[in-house]
Amino acid sequence: MTAIHNGAETFADEALQGLVLAYGRDVRRVDGGVIRAAVRPAGQVGVVLGGGSGHYPAFAGLVGPGLATGAVCGQVFTSPSAAQAYRVCHAVDAGAGVLLVYGNYAGDVLHFGIAQRRLLAEGHDVRTVLVTDDIASAPIEERDRRRGIAGDFVVVKIAGAAAEAGADLDAVERVARKANRHTRTLGIAISGCTLPGATEPLFEVAAGTMSVGLGIHGEAGIEDRPLAPSSELAVLLVDALLAERVDGGGPARVALVVNGLGTVKYEELFVLFKDVAGILAERGVEVVEPEVGELVTSLDMGGVSVTVCWLDDELETLWRAPARGPAFAKTVPGEVDDSVPDVGQWSDATVRLPRPSTAELVAAANDVVAGLELVCATLAEHEEALARLDAVAGDGDHGSGMVRGARAALAAGIAAEHQGADAVLVAAGRAWAEYGAGTSGALWGAGLEAAGLAANTAGTLNTSTGVQAVGAAVAAIEELGGARPGDKTMLDAMHPFITTLTTSSTTESDRPAAEPAGGLGGESVRPAVWVEAAAAAGVAAAATAGLKPRVGRARPLAEKSFGHPDPGATSFAIVAMAVAQHLMERSLQ
């Protein structure tokens, strides 16, 4: 919802005032819009784009060297008046003429057309290039009827680069027309946009669906489809765009723009770009200096569009040329440092330990991997419940973070299985810390790694030395996190767990050891004791509902957290009981 305004009638004007206040180094205000602040070479062609407001960075944010010389800005989603277009063109005409670039909409065509005729009558050389890139709005044989959407950005970038390079008006118009002929866009929307002052969106998209081919003002799309994962959406968009492939001679290469329409976040755009770029590569199409971001928006619309412009040598040179405006900059890239390894070149396949793994530890590795598999399955089963619990006083990511960390730990543990149980735990801990992320990821990672190092010192891993490993894990977590029992953290469940284990281990020290070498069975510490310890952890985790957090992210929301158990303590107790029951079942086989 467009909620920050002082009234719909002043929204567009006040937005321009704020833009110029913020970016006076780039643009200055004229009656009708903005023009570039940078000094222009004498006799440079003026490039003017424009349309209704509500599409920022289009249009006022794309003004500056290598881009447009000026932008005409109407009311929200409303064509500028002929008078506005006339005044902006007057302000930018340095004697070499003006090229108008705008989307193919009836109101824009009428008002810009009136302004152009008036300027021509006064002796100004003014040309027009209508942008018609939206393949959803008309078939290819009726291309002149198509709308202009994100292609506005591509065409003005290329025309502005030509003008900046000193091309005359004929040449600037020619390359702009060629860029438009070579440009195709298709977009989807998942939610509508709301005008300033309005309480309802201009249009609605049913939950779980996407409208394919929707225009940037809410114009009807081609069809509604179920909302698809990014990989499937990328195939849909790329297939439609490549169906209108423009052969420019030589190897196929495109300028690619993945554009957000208002509320789709940049991380989402990068995911889509990754998928789109991968498909284009598979189809033999080279992507040249792509742009990913919000470039032609529609207020708060939830949606994306993908644009390709088929490049020849001339268009590629202009596409790569430097540019700078309030909302867009393209600089000459520096030299790439080839000494920095790419992703995948780092290798952690071999875990380096203080001591070589013993035969007993190698024999126990399979059991530890099986334990990690159990942890993964257990956390996946409880992921949603943990997320709901975390959402009470956090951001609700504890369940997904634990599952992500456990799965990474399992994969790393399998890769290190040939080395031994100690290496499996160390590798698993490092992977959990890296991919689980957040506080829980770091703490679980540190704990597993400490357990692995303790096993390496002991030279074996069984239910007896496992107590030592758990103790080392708890100590590492306490030291790293700085929390103490009573702070409402996972330590509130871990301390009763390790206390029960160590107390029972001491009372059973006179029992004969019946543990097979390298195994996790046996009776050095009876499996029933592990179940007892896990039960103590469960009771303690539930009791954290009566505590208020004294450390961590939940501390400022202590009152809100009161009455709900701690997610970290709860997840530990769940995992501890699953592992303990597994040990018990094995002892009965």
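Bear in mind that the values in this text are calculations on the coordinates, not laboratory data. Keep in mind it's a predicted model, so treat the numbers as computed, not measured. As a convention, Cβ positions derive from the backbone with ideal geometry for all residues, glycine included, and neighbour counts pool all protein chains shown.
Computed quantities for the displayed model
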quantity	calculated
The stretch 8-330 - Rg (one decimal) and Dmax (whole number), Cα, Å	18.4, 55
Dimensions (Å) - the stretch 149-245, Cα atoms, principal axes, largest first	50, 38, 18
Convex hull volume per residue in cubic angstrom - Cα atoms of the stretch 1-70	91 Å³
Likely footprinting exposure, 418, 495, fewest C-beta neighbours within 10 Å first	418, 495
The stretch 187-232 versus the stretch 76-101: alpha-carbon centroid distance in Å	31 Å
The stretch 8-330: antiparallel DSSP beta bridges as a percent of all, rounded to 5	55 percent
Least to most buried among 407, 253 (fewest other Cβ within 10 Å first)	407, 253
Per-q log10 I(q)/I(0), the stretch 210-312, q = 0.13, 0.21 Å⁻¹ (Debye; single scatterer per alpha-carbon; no solvent)	-0.45, -1.15
Percentage, to the nearest whole number, of Cα pairs in the stretch 114-180 over 17 Å apart	51 percent
Among beta bridges that DSSP assigns inside the chain, antiparallel share in %, nearest 5	55 percent
Euclidean distance between Cα centres, the stretch 276-308 to the stretch 412-461, Å	40 Å
37 °C / 0.692 mPa s Stokes-Einstein diffusion coefficient of the stretch 54-205, Kirkwood radius on C-alpha pairs, µm²/s	202 µm²/s
For the chain, convex hull volume per residue from C-alpha positions, Å³	187 Å³
Ranked list, fewest to most other Cβ atoms within 10 Å of each Cβ, for 265, 157, 548	265, 548, 157
Estimated 222 nm signal from helices in the chain, with DSSP H stretches of n ≥ 4 weighted -39500 (n - 2.57), rounded to 500	-15000 deg cm²/dmol
Inverse of mean 1/r across different Cα pairs in the stretch 235-276, Kirkwood, Å	12.1 Å
